[in-house]
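Colleague: I have a structure I would like to understand better, so I am pasting it below and will then ask my questions one at a time.
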């Protein structure tokens, strides 16, 4: 208690105050209002939660959301790890080129990129025309309005969010450690698996957390590029608000998503000792 | 100690300054002399501004601000927070029903509208809280390159027939106009004049048959037109007027008005509208047959005032959903049936809409 009081009277306490007030106003206050919509309708009520428990459709939408997000995180990680490794170990000039190549799409609007995928992956799009011209397929493949379209669209958007945290951690790994391992006789794959990979785990964790969180909230890309199997909870929330004006139920779905994601993080963090991994900077 | 106090107070002052914008929000209401009209945007708004807004501004001296789109959730937020900045909105029947449920509209002042104009507007479009401005219909819209006019789907039964008419379909998902139960029943052979009251279970059986044929369930009509233009689908259930507009711009799209479902976009007054008299005057001017004809020439939606057809050529009229040729093969969407609450207090718009969402997710 004494320590807390001392903190708030200190310089650090005063400097944090503006950010804290802003956070309270634009994050905590709307959340409280949402909880109000979810639990109150002319008096305290659990009717929205009862309705939610009764209907399997909303849990299916939730599971669609999680399925898409987990898949996006895994695919992005698999693509980003080699790329970040390349960026770390290559020449500064090549690194600059790679960075620019990553950043330019990053600066383009998500909506524009999503529409571009409609053109590229469509029945008469670039990919199908190429496949047909090369004789690899006999008819246009269905690359849109299913999980393929959604994954392509989302992975492209979220790739930088995985590459940069990975690169940030990898670039700080002391390359001497690698050299020592090699000089002690370890073959390259052992060096990668037992030396480099464990050292890069904080970056992996940070990247995965970031990508997963962003993926869970995606609305536009699954809606435009996906099919009925990719209907997300975000779509259902939007429908509740714009079509049915049912703010109470929409708030309930929003809180459900928040609770599930928070639960996932609590679980994963306990399981993997995430605190130790991510917060490793201060100590070491 | 003194330095610490100064820093702390500096922090608090900064915090207060940062929250400033949240506390002196500029009033968003229309200033006196201004009317805010909300419509769907795009070409229609351009035509509206050119003809109706110009005439209104000249007649009354008021300035008109056009906004888009008429999101019902925004109206709800506005009315419930007491911060109403929209005066007149033009929106579809399901949105009107949604807003009425939360008591967000003012009744239309029919005494303020020219009797001659009202006489030429269909009775279905003259409701207590909504007055029809333009008429459109949900039609069979198809890609005329992939499915030539000579052998295209002429009715909903043929749209459901993927064997004789192969290719993807697109129907709408979300929005108060879904699901298209009437089209499903027509596809099953129900005569057009015996549609209502809808046989719901029979319609859903037909929807089950439709599901595997649909390539993409669209969420905006622009999306449907894009899917048709790109050849992703060969036929869809969307707004004919949009198809005609695309055709005029060179897209390989055509429309068959057979078995179309007629509906209207209507003028409504937001609860708490500042000057009801001026708002009604705007609506009255918008219903002028000459102005409606001028708009219809640019954007192919049917004018609600049939007197407008006197000012349109036969060629221009042929494109419109409400021309005598086209209207005789279509039926009116029965907004009464869709807005009458059932024993559980929910209207078919709500219960069928919810059922549709669940049906879609649990595929």
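FYI, it's all coordinate maths here, none of it is from the lab. What you see is a predicted model, and the numbers here were worked out from it, not measured in a lab. Please note: Cβ atoms are built from the backbone with ideal geometry, for glycine as well, and neighbour counts cover all protein chains shown.
Colleague: Just to be sure I understand: with springs between alpha-carbon atoms less than 10 Å apart, which residue in B:231, B:61, B:132 has the highest mean-square fluctuation in the Gaussian network model of chain B?
Modeller: B:61
Colleague: If you average the alpha carbon positions of region A:197-249 and of region B:71-89, how far apart do those two centres end up, in angstrom?
Modeller: After rounding, the separation between the Cα centres reads 28 Å.
Colleague: Only counting other Cβ atoms within 10 Å, I'd like A:89, B:91 sorted with the fewest neighbours first.
Modeller: Ordered by Cβ neighbours within 10 Å, fewest first: A:89, B:91.
Colleague: Please arrange A:54, B:134 by how many other C-beta atoms lie within 10 Å of their C-beta, fewest to most.
Modeller: A:54, B:134
Colleague: Within 10 Å of each residue's Cβ, count the other Cβ atoms and sort A:45, A:76 from fewest upward.
Modeller: Taking fewest neighbouring Cβ atoms as first place, the list is A:45, A:76.
Colleague: Now for a separate question. So how far, in whole Å, is the C-alpha centre of region A:139-176 from the one of region A:48-121?
Modeller: 5 Å
Colleague: Let me have the 222 nm mean residue ellipticity of the protein assembly as shown computed from DSSP H runs of 4+ only, each contributing -39500 (n - 2.57), with the sum over all residues rounded to the nearest 500.
Modeller: When only DSSP H runs of four or more count, the value is -17000 deg cm²/dmol.
Colleague: Given Cα pairs under 8 Å that are at least 6 residues apart, what percent is the relative contact order of chain A?
Modeller: This gives 28 percent for chain A.
Colleague: Please say if chain A is rounded, prolate or oblate, where rounded means a/c under 1.5 for a ≥ b ≥ c the square roots of the C-alpha gyration tensor eigenvalues, and otherwise the choice is prolate for a/b larger than b/c and oblate otherwise?
Modeller: Since a/c reaches 1.5 but b/c is at least a/b, the shape of chain A is classed as oblate.
Colleague: Running a GNM on chain B with Cα contacts under 10 Å, which residue among B:161, B:344, B:45 ends up with the highest mean-square fluctuation?
Modeller: Taking springs between Cα atoms under 10 Å, the residue moving most is B:344.
Colleague: Find the centroid of the Cα atoms in region B:127-154 and in region A:1-41, then give the distance between the two in whole Å.
Modeller: When both Cα centres are located, 54 Å separates them.
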